[in-house]
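Here the structure is laid out as structure tokens; the discussion comes afterwards.
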């Protein structure tokens, strides 16, 4: 079932969200100082490409630098990635078959807004 959901997700919104995260990662890698945010953008982009069967958990060792890093992320890229998720969720929610995918998009908003201090793991 997860594979079917992931394939439908990929066609409906996953690929486009991945492109947004890949663009954010590319910009972060070009700016050299922001490479850690580029790594986070790429990690979340791969997650947004194939999200079913995975979950996001908090890292227990995240500290004050994570908070500072998340503030910088929100300013640089987080806000427009959240807008992409919300826009995609609204478009998917219009159709009956898209409602579960809209919900999945909205569940990804917190990690798109504050990615540092989070870890993506497989669900059992």
Query raised in the report: When you scan the range 1-12, how many residues do you find that are farther than 18 Å from residue 89 by Cα and part of a helix (DSSP H, G or I)?
Result: 3
**Report entry** Condition check for residue 7: surrounded by fewer than 17 Cβ atoms within 10 Å (Cβ to Cβ) and in contact with a helix residue (DSSP H, G or I) (Cβ under 7 Å, 6 or more places away or on another chain)
**Finding:** no
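Yes/no per residue for (1) touching a residue at least 12 places away in the same chain (Cβ under 8 Å); (2) within 24 Å of residue 1 (Cα to Cα); (3) crowded, with 17+ Cβ neighbours inside 10 Å:
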residue: 14; (1), (2), (3): yes, yes, yes
residue: 31; (1), (2), (3): no, no, no
residue: 36; (1), (2), (3): yes, no, no
residue: 59; (1), (2), (3): yes, no, no
residue: 69; (1), (2), (3): yes, no, yes
residue: 103; (1), (2), (3): yes, yes, no
Query - Evaluation of residue 79 against (1) over 11 Å from the mean Cα position of the chain (by Cα); (2) at pLDDT 90 or above; (3) under 17 Å from residue 11 (Cβ atoms) (one fails), failing number - result: (3)
Requested in this report: For residues that are out of contact with any helix residue (DSSP H, G or I) (no Cβ under 6 Å at 6 or more places or on another chain) and either part of a helix (DSSP H, G or I) or modelled with pLDDT of 95 or more (or both), scanning just the range 13-34, find the one that is nearest to residue 87 (Cα to Cα).
Outcome: 16
Query raised in the report: Based on what the data block shows, is residue 118 crowded, with 16+ Cβ neighbours inside 10 Å and in contact (Cβ under 8 Å) with a residue 24 or more places away in the chain?
Result: yes
Requested in this report: For the range 71-82, enumerate the residues that are over 16 Å from residue 45 (Cβ atoms) and free of Cβ contacts under 8 Å to residues at least 40 places away in the same chain.
Outcome: 71, 72, 75, 79
**Report entry** Of residues in the range 38-52 being within 11 Å of residue 116 (Cα to Cα) and under 11 Å from the mean Cα position of the chain (by Cα), the one surrounded by the fewest Cβ atoms within 10 Å (Cβ to Cβ)
**Finding:** 43
Report summary line: Apart from one, (1) surrounded by 13 or more Cβ atoms within 10 Å (Cβ to Cβ); (2) modelled with pLDDT under 90; (3) out of contact with any strand residue (DSSP E or B) (no Cβ under 8 Å at 6 or more places or on another chain); (4) within 19 Å of residue 5 (Cα to Cα) all hold for residue 55; the odd one out is (3)
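The values are calculated or read from the model by the stated rules, or taken from the named source; none is laboratory data. Quick caveat, the model's predicted, so the values are computed rather than measured. Please note: Cβ atoms are built from the backbone with ideal geometry, for glycine as well, and neighbour counts cover all protein chains shown.
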